[in-house]
Amino acid sequence: MANMEPTDVRANLEEMSLSVSEMPTFLRVEEVANLLRCKKRTIYDMVEQDRIPHRKVGGRLLFDLDEIIKWTKLKN
């Protein structure tokens, strides 16, 4: 698995022309991967290893945006 560099999530949101208030509370795998600038496979691997906060709802993986932002700050 590729090493992930610490990421400034808010800067990524700004670059994507989004603010936290415009983002949905829950994100899908693809959205988290875009936010963290990594591959979807990396997100799936991190979920499997319980290295990223997530929820499984109806067989779908969901990620709370606030939890992801807090998690990235802890990783820095």
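Residues that are surrounded by 12 or more Cβ atoms within 10 Å (Cβ to Cβ), among the β-branched types (Val, Ile, Thr) and modelled with pLDDT under 95 number at least 1 in the following helices (runs of 4 or more DSSP H) confined to the range 20-76: 65-75.
Listed by first and then second residue, the pairs linking a residue in the range 37-61 that is on the phi > 0 side of the Ramachandran plot and in contact (Cβ under 8 Å) with a residue 24 or more places away in the chain to a residue that is among the charged types (D, E, K, R) and part of a helix (DSSP H, G or I), with Cβ atoms under 7 Å apart and 6 or more places separating them unless they lie on different chains, form an empty list.
The values are calculated or read from the model by the stated rules, or taken from the named source; none is laboratory data. Nothing here was measured: the structure is a model prediction, and the numbers come from that model. Methodologically, a virtual Cβ is constructed for each residue, glycine included, from the backbone with ideal geometry; neighbour enumeration extends over all protein chains shown.
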